[in-house]
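All remarks here apply to the structure that follows.
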Ligand SMILES: *Cc1c(COP(=O)(O)O)cnc(C)c1O
């Protein structure tokens, strides 16, 4: 794409980004290249990939696509957690970090490890209260945001937090739940964006992959430091995984639109169900949580479903759900009867019929 062309819309970017050059007989898609090493160029100092841990054209194609959607430069990693660990490793001993009271448990645990081993201070704050969150973030080195949060579906005012923070405080946003289509945190002033591309970006529950997107104005050399960390840490993306995730990303806007439309309908119908005490739906996206009266009721409800898959992941074409407190590590502030639901792309009436049948069975 040349500069003079109009900026393409996300639906078009998803289809066009990361393609090989259009020359006769070039494949339309970047090929899957399983390479541990590459032929070197002994007589030139030109750029070369060199070795399989340093790069792969397939990674670059996916990175271009995610980077364009988020509006920054992207690096992919072996998983969302590998990407999160690489970000946390940018910070040294004694780091002060503020995170939401509810966030992805793996990230919370990784911070806790650093608190124990490297003297980090981890502050928790309510991200729905911008003033309180900013007060907790005063003099912090790192703000870690997730919005909507897992599994409480709380939403932060990203732009207000970005604008109100001390500019020396690095702002990271885990954008997994919203996807790059519904929220672009770099444009709101974040420094780094994290994705578990395992989820909505990939969309087919068949690959683990993580991504970090760095703002173009990169005052802290985050991009170079993360790239070195990936080379030395070795948490590189799999070649097959980047291929699968890029293939999934091509239809991200279609899947997202279909799943979101169904999630809105389901959220609205669930509100009026007597067995459902609360529906947590932020008004956008394909994820929601509902609260049933207790764990036993929630387990009976889940067991009665035939179409919805009982599984812990999210963002796939198949609708999935789980009672979060079945995990010992889940926070006690998450109600026992809370079920997180990830809406897929099945027909909404089939999804509803399954839920309705199971709710009726609760008696
Ligand atoms: C799944 C997830 C992660 C971790 O990603 P993996 O790909 O499973 O390592 C991080 N943050 C959020 C919000 C997630 O849902």
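The values are calculated or read from the model by the stated rules, or taken from the named source; none is laboratory data. Since we're looking at a predicted model, the values are computed, not measured. Here the Cβ positions follow ideal geometry from the backbone for every residue, glycine too, while neighbour counts run over all protein chains shown.
State yes or no: is residue 32 assigned to a strand (DSSP E or B) and in contact with a helix residue (DSSP H, G or I) (Cβ under 9 Å, 6 or more places away or on another chain)? Against the criterion (assigned to a strand (DSSP E or B) and in contact with a helix residue (DSSP H, G or I) (Cβ under 9 Å, 6 or more places away or on another chain)), residue 32 does not qualify.
If you check 82, 65, 61 for being touching a residue at least 24 places away in the same chain (Cβ under 8 Å), within 16 Å of the ligand (Cβ to nearest atom) and farther than 16 Å from residue 190 by Cβ, only one passes: 82. Out of segment 287-310, which residues are part of a loop (DSSP other than H, G, I, E, B), touching a strand residue (DSSP E or B) at 6+ places or on another chain (Cβ under 8 Å) and within 15 Å of residue 352 (Cβ to Cβ)? The answer is 305, 308.
Restricting attention to segment 140-181, the residues that are more than 22 Å from residue 291 (Cβ to Cβ), away from the ligand (no atom under 13 Å from the Cβ) and in a loop (DSSP other than H, G, I, E, B) add up to 8. Within segment 205-219, no residue satisfies the criterion of being over 20 Å from residue 235 (Cβ atoms) and assigned to a strand (DSSP E or B). Could you list all residues from segment 35-51 that are farther than 22 Å from residue 245 by Cα and either in contact with a helix residue (DSSP H, G or I) (Cβ under 7 Å, 6 or more places away or on another chain) or touching a residue at least 60 places away in the same chain (Cβ under 8 Å) (or both)? Selection gives nothing.
Against the conditions (1) over 25 Å from residue 286 (Cα atoms); (2) in contact (Cβ under 8 Å) with a residue 24 or more places away in the chain, where does residue 158 fall short? Just the number, please. With respect to (1) over 25 Å from residue 286 (Cα atoms); (2) in contact (Cβ under 8 Å) with a residue 24 or more places away in the chain, residue 158 is out only on (1). Restricting 160, 110, 83 to residues that are in contact with a strand residue (DSSP E or B) (Cβ under 6 Å, 6 or more places away or on another chain) and either surrounded by fewer than 20 Cβ atoms within 10 Å (Cβ to Cβ) or not assigned by TED's automatic domain parsing to the domain that holds residue 341 (or both) narrows the list to 83.
Selection of segment 182-204 for residues being within 13 Å of the ligand (Cβ to nearest atom) and in a strand (DSSP E or B) yields 193, 194, 195, 196. Of the set (1) out of contact with any strand residue (DSSP E or B) (no Cβ under 9 Å at 6 or more places or on another chain); (2) within 16 Å of the ligand (Cβ to nearest atom), all apply to residue 131 but (2). Among all residues of segment 92-106, there is at least one that is within 14 Å of the ligand (Cβ to nearest atom), touching a residue at least 60 places away in the same chain (Cβ under 8 Å), within 15 Å of the chain's Cα centre (by Cα) and in a helix (DSSP H, G or I).
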